[in-house]
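Structure, as structure tokens:
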Amino acid sequence: MNNLTRAALVLGGLLLASAAPVSAQDFEWRGSVDRGNTVEIRGINGGIEAVASSGSQVHVTATKKQGHKGDPDDVTIEVVEHSGGVLICAVYPNKPGKKANRCSPDDSHMNNHDNDTSVEFSVEVPAGVNLEVGTVNGAIDVRDLDGDVQASTVNGSVSVESDGNIEASTVNGSILAKMGQDLKSNLSFETVNGSVTVELPAGANADVKASTVTGGMESDFPLTIQGRFSNRQMNGKIGNGGHDLEMSTVNGAIILRRS
């Protein structure tokens, strides 16, 4: 083998190595959470999906994917079990000399200084357990739960389906919420760039407060209007009224569906 051929093979190997995807770095946790308590997931980069568990345990997996900067090994997945349930966080390194990020029920502040590793979470939630999920850059998809759900992101859509109460927020993305039961407390759904669609059972009762700037409004429910009605703002009652249902966007439609 001449030197030119050997060099070509070495270069080819280097190119193949650089083009190959980074191996997934997996995290897995199983544990018990009492009915009425909460599973909370905190991320920064990466989506979160959750489905109903077929068993009695919570099951959480996470996959790290390398971005353009930072080492995935510097991002840890931490678990904090406490009296109200369990908190699981993707913890990124902070700036040198700054207070380290930490996974704590009492401290929700985190950043990802010079590390854009993506962490994708998948959660299986048992019956009767509530869910709270939050990320910054990523979509949230929650299906077939029966507990209360709170979901928030900044850049990404939010889709939640549960028999419990649902609250959702984003900035750049649409919201779809399907509730299987009547409201048990005041709820809010808020975005800036995207539509807000809320689906309620036929016998729902709520005080609706809805607003948009550049989108229209639709409702499958007959509404008893309170005050002035326009295609940008609507205040009214569904059924006998009750808890507040707030829906707001700037660039997008407000849609109220009957299941």
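The values are calculated or read from the model by the stated rules, or taken from the named source; none is laboratory data. The structure presented is a predicted model; accordingly, all values stated were derived computationally and were not measured. Positions of Cβ are backbone-derived with ideal geometry, glycine not excepted, and every protein chain shown enters the neighbour counts.
Quick look at the values:
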read-out: Ser185 vs. criteria over 20 Å from the mean Cα position of the chain (by Cα) and touching a residue at least 40 places away in the same chain (Cβ under 8 Å); value: yes
read-out: Identity of the residue in region 182-233, among the β-branched types (Val, Ile, Thr) and surrounded by 15 or more Cβ atoms within 10 Å (Cβ to Cβ), that ends up nearest to Ser169 (Cα to Cα); value: Thr191
read-out: Single condition Leu131 does not satisfy, out of (1) within 15 Å of the chain's Cα centre (by Cα); (2) in a loop (DSSP other than H, G, I, E, B); value: (2)
read-out: Selection status of Asp116, farther than 22 Å from Ala90 by Cβ, among the acidic types (Asp, Glu) and in a loop (DSSP other than H, G, I, E, B); value: no
read-out: Check on Asn111, in the same structural domain as Arg42 (by TED's automatic domain parsing), crowded, with 16+ Cβ neighbours inside 10 Å and among the polar types (S, T, N, Q); value: no
read-out: Residue in region 55-79 that is surrounded by the fewest Cβ atoms within 10 Å (Cβ to Cβ), counting only those that are without any contact (Cβ under 8 Å) to a residue 60 or more places away in the chain and more than 21 Å from the chain's Cα centre (by Cα); value: His68
read-out: Test: residue in region 167-174 that is surrounded by 15 or more Cβ atoms within 10 Å (Cβ to Cβ) and over 17 Å from the mean Cα position of the chain (by Cα); value: no
